[in-house]
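Working notes, structure below.
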Amino acid sequence: MSPKAASLDDHAHEMQDDSQLVDLVRSGHLASFEELYRRHYAVARYVARAESDNSDEAEDIAAEAFASVLKSLCAGGGPRESFQAYLTTTVRRTAYRRNLQGRRTATLGYGSMMDVLVLDEDVTIKAFETTILMRAFRTLPLRWRAVLWCVDVEGLKPAATARVMELSPNGVSALLIRAREGLRQAYLQEHVAESPNDSCTDFSRHLGKFVRNAVRKAARDRVARHVAACRSCAEALRHLEDVHSAMEGSSSRQDRRKAFG
């Protein structure tokens, strides 16, 4: 392959999301795994360092985990869409096994919901991926998904996430604010039933942002006029407002618990 062709191929990989690359690897296009490796190596190495009793083994643990995931994909198994979830769980299990082999106890510095995953069956991952929240998560830009996963799922501090994502801690905090707001909007939007032939699509696809007051005034006025004249969109909006109220109530309760210990 010529250098120009290789460059074009690399660019094509960069434009694809994880699930597309996973499907390519599973179908025999092993070069696609290089892009997955490039995207997720920093996170894998950090988790390996955190989970291993011997931080010097972090690179070996990460490499072994990637090899294990690749082997599963080539056999037709492995992750379906949540590549990073599957990978970090594989890293943890690899570190834990090495700790046991060294007659040491794994030191899990931070808890994670992903620790309970059963890799052979992917039952938990499949259940997680089918939730409304996960569907909303998958619609977000890659960098938003990365910062949310590192901080809100993996439990990394902003300073640690900054090293993983090659940002400043302030940059991580700013990105996290945008990502969390984006997830709230996407979560609301997932509650709206849309169809390609729906004449209301131009309006209904903005309802999540509309409820969060995240659309410009001209667009907001246009949606408001449509909702006033469209019964189905008015019902959808009322449902979203109920969901939004529940979200805000849950958030307020969590804030109160944090404030009063």
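Values computed for the structure shown
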{"quantity": "Computed magnitude of the charge dipole of segment 30-98 (debye, nearest 20; Cβ of K, R +1, Cβ of D, E -1)", "calculated": "240"}
{"quantity": "Solvent-accessible surface ranking, highest first, for SER232, SER82 at 1.4 angstrom", "calculated": "SER232, SER82"}
{"quantity": "Accessible area per residue, Å², segment 142-216 with all protein chains present, probe 1.4 Å", "calculated": "53"}
{"quantity": "Accessible area of segment 179-247 belonging to carbon and sulfur atoms, whole % at 1.4 Å probe", "calculated": "48"}
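The values are calculated or read from the model by the stated rules, or taken from the named source; none is laboratory data. Computed from a prediction, not measured in an experiment: that's the story for all the values here. As a convention, Cβ positions derive from the backbone with ideal geometry for all residues, glycine included, and neighbour counts pool all protein chains shown. These accessible areas exclude ligands, DNA and RNA; they are computed on the full protein's heavy atoms, side chains included. Shrake-Rupley method; radii C 1.70, N 1.55, O 1.52, S 1.80 Å.
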